[in-house]
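Data block below; observations after.
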Amino acid sequence: MEDCLAKKMEITVSEAEKRTGRNAMNMQETYTAYLIETRAVESQGEGQCAPVDSLWRRYSEFELLRNYLSVTYPHIVVPPLPEKRADFVWHKLSADNMDPDFVERRRIGLENFLLRVASHPVLCQDKIFYSFLTQEGGWKEVVNETGFQLKADSRLKALNATFRVKNPDKRFTELKHYSDELQSVISHLLRVRARVADRLYGVYKVHGNYGRVFSEWSAIEKEMGDGLQSAGHHMDVYAASIDDILEEEEHYADQLKEYLFYAEALRAVCRKHELMQYDLEMAAQDLTSKKQQCEELATGTVRTFSLKGMTSKLFGQETPEQREAKIKVLEEQIEEGEEQLKSKNLESRDFVKSAWADIERFKEQKNHDLKEALISYAVMQISMCKKGIQVWTNAKECFSKM
């Protein structure tokens, strides 16, 4: 961790800017660009301040970077991006991806994504990631030249692997179930939070009615007027405070959402392992089949029924020369197949070792982050309740002075 980029460079996504331009179809579109600022930490000695480098990136470029990292490092739980469009929101919050509040929250999320990658012991050393932070022009071309898209596995192949692997690794199967359950639990938690936020909004805003009624009542009272007016003021302040409270609460919701999306990153590692296991089993099956064919040709006995065997019986046996030639070809293929199987076994062992090390790192990070987020959320709720008690305490004093 001492060599990670986050220790050597300050990284911030400092601004978001609405822009209009032309897309690939030459149609006009409105999008948001984000200003990434970086500053070297090493040269900040003896009161000197390193210059800030800055460049603009679109959300789609962040997506391209993450896709590249996911394909290039299949054994790593790649940090997720913040949501493209708001989900699990309370009804007064806009789900429009151009809404200033949502754009601001996404700006924070994109900065968090960059810091996560910059702090990762492997991802932080990637040259494409470094050029994403430092090279504005031509970055997309550099990424595409890596040919990472060609390495991406098709969904059909992944589906085949899921249903046809005969000996899945129990640890990855359990991890896949865990990631499904984690996603389900956090989804339910976010839905509950959104419903609670809706009700809180209503309760707070209704207190504004107290303020209006007390104010109107104070106008017709001489002795009680000042007390009622003051109590009404406290109620108005209380009613108005909910907007800031729920905006702060949305920050904690975003922390939970990050782990909602992390669940998919965990599943991606599991799917990659399934694909490797599937390829390994197919290679072993092919090798066994070729060895059997070779044995049958050498001994002249057919163990299993085959159309080829029936054809040779109907139309005559092969000559010894033909049989020898086929045996030779099969022996070469068997030798090649054994090397491939050995290579795939080694690749699979390396993948499991690297993936499990990163999963353990992720678990430690997850436990720390979620514990911190939930404690902060609880502290905020306690603070909010204390403010409510204070408002009614103040109102009580106003009433006492009447």
If Leu114 meets every condition in (1) over 25 Å from Tyr59 (Cα atoms); (2) out of contact with any His (no Cβ under 6 Å at 6 or more places or on another chain); (3) surrounded by 13 or more Cβ atoms within 10 Å (Cβ to Cβ); (4) not small (Gly, Ala, Ser) apart from one, which number is that one?
(1)
Looking only at segment 160-186, which residues are over 12 Å from Gln277 (Cβ atoms), among the hydroxyl-bearing types (Ser, Thr, Tyr) and touching a residue at least 24 places away in the same chain (Cβ under 8 Å)?
Tyr178, Ser179
Can you pull out every residue in segment 361-384 that is under 24 Å from Pro121 (Cα atoms) and open to solvent by less than 80 Å² (accessible area, probe 1.4 Å)?
Arg361, Phe362, Lys363, Gln365, Lys366, Asp369, Leu370, Ala373
Wholly enclosed helices (runs of 4 or more DSSP H) of segment 123-162 bearing at least 3 residues under 16 Å from Leu55 (Cβ atoms)
127-134, 139-145
Out of curiosity, is Glu249 at pLDDT 90 or above, among the acidic types (Asp, Glu) and farther than 29 Å from Glu332 by Cα?
no
Restrict the check to segment 132-142 and report whether at least one residue is within 20 Å of the chain's Cα centre (by Cα), under 30 Å from Ile36 (Cα atoms) and of a type in the set (Phe, Trp, Tyr).
yes
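The values are calculated or read from the model by the stated rules, or taken from the named source; none is laboratory data. Quantities reported herein were computed from a predicted structural model and do not represent experimental measurements. Note that each Cβ is placed from the backbone with ideal geometry, even for glycine, and that neighbours are counted across all protein chains shown. Ligands, DNA and RNA are excluded from the accessible area calculation, which covers all protein heavy atoms including side chains. Shrake-Rupley method; radii C 1.70, N 1.55, O 1.52, S 1.80 Å.
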